[in-house]
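See below for the structure under consideration.
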């Protein structure tokens, strides 16, 4: 296989796997392992998850998801694990059954010792099936990102609403303490404020 195609293939598998780990919160140890770039007998280059036989070549370190290192990434606390499982389920729900199976097969093979070697081989059926799902996967990832942005925006609006309601309630409490001294206009303003809070802050 030509060097360009080997390099493209490796980057495609590892970067996509790492990108999905970041999105879904997964910390699979296979994405935090060392990869090795080794010279082949014919003068080319191969990639493997085991050290080069001759001791030559160089390492490629695939980092785990941000904020996680080593085995701690694979064993999150129950709350984090629950959030990860929720995102995993949401992502899988957006994929067709065929692409769900392809993704599971890719991850299972990558987790096996020597599995990356097999995935790198030209015509590997597991890799090919996953490649055929890239368009569908991108649509699913884009939707998850959009949903996450909308959720953050809604949370921000809710925080603003609660702060505004707290300020209105504070003003209302002060006015109620002075009810006996309020003129007709102030009393009318008080009723408007009460209606506003009843409508928008419950």
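The values are calculated or read from the model by the stated rules, or taken from the named source; none is laboratory data. Predicted model, so just to flag it, every value in this text is computed and none were measured. Virtual Cβ from ideal backbone geometry, glycine too; neighbours counted across all protein chains shown.
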In segment 171-190, the residues that are surrounded by 10 or more Cβ atoms within 10 Å (Cβ to Cβ) and in a helix (DSSP H, G or I):
171, 172, 175, 176, 179, 186, 187, 188, 189, 190
Residues located in segment 87-128, provided they are at pLDDT 85 or above, more than 15 Å from residue 140 (Cβ to Cβ) and out of contact with any helix residue (DSSP H, G or I) (no Cβ under 7 Å at 6 or more places or on another chain)
108, 125, 128
Need the failing condition index for residue 96 against (1) over 30 Å from residue 51 (Cα atoms); (2) surrounded by 14 or more Cβ atoms within 10 Å (Cβ to Cβ); (3) in the same structural domain as residue 38 (by TED's automatic domain parsing), just the number.
(2)
Among the numbered conditions (1) assigned to a helix (DSSP H, G or I); (2) touching a residue at least 24 places away in the same chain (Cβ under 8 Å), tell me where residue 122 comes up short.
(1)
